[in-house]
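Step one of this worksheet: look at the structure below.
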Amino acid sequence: MSTETNGTETNGTGTNGTGPRIVIVTGGSRGLGAGIVASYLASGDRVAACARSVTPEVEAWREQYPDHFLFAPADLSSSADAKAFVDAVIDRWDRVDVLINNAGVARDGILGMASDEDIDVVVDLNIKGTLYMSRLVSRRMLARRSGSIVNISSIVGRSGYRGLGVYSATKAALDGLTRSMARELGSRGITVNGIAPGYLRTEMSHGLDEGQMDQIVRRTPAGRLGDPDDIARVCQFLTDPRNDYLTGQVIVVDGGLTS
Ligand SMILES: NC(=O)c1ccc[n+]([C@@H]2O[C@H](COP(=O)([O-])OP(=O)(O)OC[C@H]3O[C@@H](n4cnc5c(N)ncnc54)[C@H](OP(=O)(O)O)[C@@H]3O)[C@@H](O)[C@H]2O)c1
């Protein structure tokens, strides 16, 4: 993995009254992750994002926030890449206050037709990548006795979805991880929560055809698909240091679809 950093330090001020937080967003190059990165940059925090490739959004943030934004290419299904990414963040800012485990991948198709590679790609990123990042970052948070972790799950981890068996299994696994980590870390001032979004307008949902999309919208009380902003606002809430009594929960944000 190579590391790319920008600019020099300044003292910004976050909206939480305690100064800028150091926030990691995995898969922060597009889709939901990009919405979450934009939200924390807008609240004055310092944001480190990773993904396998650079996008126009990443290029724009490098220009606009040279002191507050760091991007490092990383394939999080590799433990070595995860470590190099976290090391780059620590080199630059010396701590991590917030970890948003957002990077995830889905492969469509019924389980009976899935290849070993289909299973490995989804399990290696969604479960193992999240475990690698959470292990590395929680060690740092334990030393400081503070921090917040949010795991991006999915409603299909609870409800299931035809053709998304492997993906659904990984998201259900993340919900178990969220509850276990909350129990392990609660007494050390670290909160761990999950968000289970419904269907969002991102590249990942392009696998759904028009008919499936229309059906989802018809069945959603809010009458629309979700936007990254809908989820980013909940991330901000869950990682607000004032909300330190809220841990071990997986919040469903789906416009009422599964209510
Ligand atoms: N879209 C939905 O309807 C929906 C619903 C519920 C939950 N979610 C969850 O929300 C999260 C974000 O989804 P999205 O819709 O924003 O997906 P997306 O548009 O496909 O973006 C995925 C992000 O993860 C990165 N990524 C993929 N493979 C990676 C790897 N091996 N290592 C590091 N980064 C990697 C991607 O960049 P690169 O490809 O360049 O690496 C990209 O930044 C996922 O956890 C997903 O399961 C999505």
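General remarks:
- Each principal axis of the Cα cloud of region 147-217 was taken in turn, and the coordinate range along them, longest first, works out to 48, 21, 17 Å.
- Quotient of Cα Rg and 2.2 N^0.38 Å for region 138-259, N being how many residues it contains: 1.15
- GNM flexibility winner over the chain from Asp240, Asp87, Asp209 (Cα, springs under 10 Å): Asp209
- The three principal axes of the Cα atoms in the chain give end-to-end lengths of 49, 38, 32 Å, sorted in falling order.
- Pairwise FRET efficiency - Ser79 versus Arg218, Cβ, R0 = 51 Å, nearest 0.05: 0.75
- Antiparallel content of DSSP bridges confined to the chain, in %, to 5: 5
- Charge dipole magnitude, Cβ of K and R +1, D and E -1 - region 22-253, Cα centre, debye nearest 20: 900
- When shorter helices are ignored and each DSSP H run of at least 4 residues is given -39500 (n - 2.57), the per-residue value for the chain at 222 nm works out to -12500 deg cm²/dmol.
- Förster radius 30 Å - calculated FRET efficiency between Leu246 and Asp87 (Cβ-Cβ, nearest 0.05): 0.50
- The trypsin sites (Lys or Arg not before Pro) of region 101-201 that meet both conditions, a loop assignment by DSSP and at most 14 other Cβ atoms within 10 Å of the site Cβ, are Arg145, Arg162.
- Relative contact order of the chain, pairs being alpha-carbon contacts under 8 Å that are 6 or more residues apart, as %: 19
- Remark: the Ala60-Arg139 segment gains 25.3 nm on full extension, using 0.36 nm per residue and subtracting the alpha carbon distance.
- Convex hull of region 207-259 built on C-alpha atoms - directionally averaged projected area, nm²: 4.7
- If you run the Gaussian network model on the chain, springs between alpha carbon atoms under 10 Å, then out of Thr26, Thr220, Thr130 the most flexible one is Thr220.
- Volume of the Cα convex hull of region 59-113, divided per residue and given in Å³: 126
Each reported figure results from applying straightforward, stated rules to the coordinates on display, with no laboratory input. Keep in mind it's a predicted model, so treat the numbers as computed, not measured. Positions of Cβ are backbone-derived with ideal geometry, glycine not excepted, and every protein chain shown enters the neighbour counts.
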